[in-house]
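So the structure is just underneath, and the comments pick up after that.
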Amino acid sequence: MGSFCLLRSRCLLRQVGLPFVMHRQYSLDISAQLLRTQVLDPATGEEIAKVADCGPAEAKLAVDAAYNAFYSWKQHTAKERSVLLRKWYDLLTLNKEDLAKLITFECGKPMKESLGEIAYAAGFLEWFSEEARCVYGDVVPSAAKDRKILLLKQPVGVASIITPWNFPSAMITRKVGAALAVGCTVVVKPAEGTPLSALALAELASQAGIPAGVFNVVPCSREKTPSVGMVLCTDPLVGKVSFTGSTATGKILLKHAADTVKRVSMELGGHAPFIVFDSADVDKAVAGAMNSKFRNSGQTCVCSNRFLVQSRIHDRFIEKLGKAMDAELRLGHGSDPNTTQGPLINVRASEKVEHQVMDAVSRGAKVLRGGKRLDGSFHQPTLLADVTTDMLCTREETFGPLLPVIRSMDTTLLGVLQAGMEYRKTFHSIENAIGGCTIIPTVHTFIVALDKHTSFNSLRA
């Protein structure tokens, strides 16, 4: 089954993967010796393709290509850009099965989740194809009778787009769709482990009629990532940097971009608490925890990382959560239709989860489900009880299938919210509406999400 899926995906890989990619309009003419970056299936460790290992020189060439293309691309009318983005969206939808297989084989997602990501990725292109026609200016009243103040919105120029491996298609279309819609050109540096999705998107963009130089892809190895990132953040021809990834890397890129005072957008690591109040519906709380923790095997920046459950409801929540994990979670290769939990992205990620479990157990936590690292990049979905706030899993982002539960008293609520304040991205709460509205003002984070019955989201500056 796995081999069959991979072979069918190679219909698209032949267009985007091997030496053919070096002659596409969206890529650079790379010498043969650069064609050495391996793309591995994280479930098996087997090589599935080789792509170019670009360095700073190639990154500079890509920036120059994007800069040269910018002056003609920005002259396209809003309608023309809208039509091209819509064609790109149509091609993503047409090729969704092959694109999903690329995601599954290069980052390990179950096929169902990969198909969901392609729908998500295509949705951004659909949205921005329509928004391209709606970039309006404004007329502002002037204090002088003989003057008018006109506001025009102009593209900033070349945008460096640095994307993560956990959503190798959606994070690209989310950023690139917006940039292209308003007349910017882009240089995309995909994560070193997942370049195939980026190259496939670029191939489809070329087929849609997006001109040469508008969408450039610079794949590179882990070793060359720092030097390539330096070029993309410091080159004076770059007008904007957009990055999704870890907080530590974001700090480095911000320092690089500061020297030339570039516009910067950062979506960094998360450490979201999931709080269950005594007033919550336990079944809803368990369903919310399963969805929030185990999507993509816990490898998303908005996954709940620490679970705070008030004392009166704690034991029932733990019992039902364990049963839900037994019933719903199945480890395996993402190409297997029965799989709900694929591998982690690499062995280092699996080792990090193992380290956090061992640390928690050494400090008194109990393993109720899972707890073991398996062959390769796999780790069992793990449920921990008797967790305290001094354990690593409550103080740093896990990015894996580890669910630590803290029995909450009023005094520990504040402690958990204060722990990991450098990761102020998402906060999940399961309770009644009154309780939710009460706690929101006390939470210093960017996104507050209450249960779907309450349907409340708070975006904080």
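Looking at this structure, is GLU130 without any contact (Cβ under 8 Å) to a residue 40 or more places away in the chain, open to solvent by 20 Å² or more (accessible area, probe 1.4 Å) and in the same structural domain as LEU232 (by the TED database)? Quick ask: steps written out before the conclusion?
Working: without any contact (Cβ under 8 Å) to a residue 40 or more places away in the chain: no; open to solvent by 20 Å² or more (accessible area, probe 1.4 Å): yes; in the same structural domain as LEU232 (by the TED database): yes.
No: the conditions fail for GLU130.
Residue-level check: of (1) in contact with a strand residue (DSSP E or B) (Cβ under 7 Å, 6 or more places away or on another chain); (2) assigned to a loop (DSSP other than H, G, I, E, B), PRO211 misses just (1).
Report, by residue number, each residue of region 133-165 that is among the basic types (Lys, Arg) and either free of Cβ contacts under 8 Å to residues at least 12 places away in the same chain or farther than 24 Å from SER82 by Cα (or both). Before the answer, list the steps.
We begin by selecting, within region 133-165, every residue among the basic types (Lys, Arg); these are 133, 145, 147-148, 153.
The answer is LYS145, ARG147, LYS148.
For region 77-101, which positions are hydrophobic (A, V, I, L, M, F, W, C) and under 15 Å from LEU199 (Cα atoms)?
As a first pass, look at region 77-101 and keep what is hydrophobic (A, V, I, L, M, F, W, C): 78, 83-85, 88, 91-92, 94, 99-100.
Within region 77-101, TRP88, LEU91, LEU92, LEU99, ALA100 meet the criteria.
GLY209 meets the conditions (1) out of contact with any Ser or Thr (no Cβ under 9 Å at 6 or more places or on another chain); (2) open to solvent by less than 20 Å² (accessible area, probe 1.4 Å); (3) on the phi > 0 side of the Ramachandran plot in every case but one. The failed one is (2).
Exactly one residue among SER206, SER197 is assigned by the TED database to the domain that holds VAL51 and touching an Asp or Glu at 6+ places or on another chain (Cβ under 8 Å), and that residue is SER197.
Against the definition (at pLDDT below 95, buried (at least 20 other Cβ atoms within 10 Å of the Cβ) and of a type outside the set (Asp, Glu)), how does VAL39 come out, yes or no? Lay out the reasoning, then the answer.
Numbers: at pLDDT below 95: yes; buried (at least 20 other Cβ atoms within 10 Å of the Cβ): yes; of a type outside the set (Asp, Glu): yes.
Judged against the criteria, VAL39 is a match.
Residue pairs whose Cβ atoms lie under 7 Å apart, separated by 6 or more positions or on different chains, with the first residue in region 317-335 and over 22 Å from SER408 (Cα atoms) and the second among the hydroxyl-bearing types (Ser, Thr, Tyr) and open to solvent by 20 Å² or more (accessible area, probe 1.4 Å), are GLU328/THR340; LEU329/THR340; ARG330/THR340. Count of region 247-266 residues, restricted to those that are part of a helix (DSSP H, G or I) and either touching a residue at least 40 places away in the same chain (Cβ under 8 Å) or of a type in the set (Gly, Ala, Ser) (or both), is 6. Taking the stated definitions as given, is LEU102 closer than 18 Å to GLY177 by Cα and open to solvent by less than 10 Å² (accessible area, probe 1.4 Å)? Against the criterion (closer than 18 Å to GLY177 by Cα and open to solvent by less than 10 Å² (accessible area, probe 1.4 Å)), LEU102 does not qualify.
The values are calculated or read from the model by the stated rules, or taken from the named source; none is laboratory data. The structure displayed is predicted, hence computed values, not measured ones. All Cβ positions, glycine included, derive from the backbone under ideal geometry; neighbour counts span all protein chains shown. Accessible surface areas use protein heavy atoms only, side chains included; no ligands, DNA or RNA. Shrake-Rupley method; radii C 1.70, N 1.55, O 1.52, S 1.80 Å.
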